[in-house]
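Here the structure is laid out as structure tokens; the discussion comes afterwards.
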């Protein structure tokens, strides 16, 4: 029971971060990506876990991590901050895509370097 409570708490944090990602995408006009996040959030925890492990979120070309809010705008930097937080939660929970740690680390490095 204690393990489930910890997992429920972590899933709540993942959902909250995904909601912030969705809000950032929506505010910046990235409606297709925001719709993908909305679809996951409207589903059960297993679907949320599948989404956060997906190539739609963490893949290469065409993924949210790679393409959403392109360029080095303040909105893109804010999205990267949210993705760092989300990626770290996922790593703790063990729900990762092969690229989650790479993107999370790269975004953190860019923040550290002021890129």
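Throughout, read-outs are computed from the coordinates displayed, never taken from laboratory work. Predicted model only: the values in this text are computed from it and were never measured. Note: ideal-geometry Cβ built from the backbone for every residue, glycine included; neighbour counts use all protein chains shown.
Exactly one of these conditions fails for residue 58: (1) within 23 Å of residue 106 (Cα to Cα); (2) surrounded by fewer than 18 Cβ atoms within 10 Å (Cβ to Cβ). Give me its number.
(2)
Restricting attention to helices (runs of 4 or more DSSP H) lying wholly within the stretch 7-115, give those where 1 or more residues are in contact (Cβ under 8 Å) with a residue 40 or more places away in the chain and in contact with a helix residue (DSSP H, G or I) (Cβ under 7 Å, 6 or more places away or on another chain).
45-52, 55-58, 64-67, 74-93, 100-113
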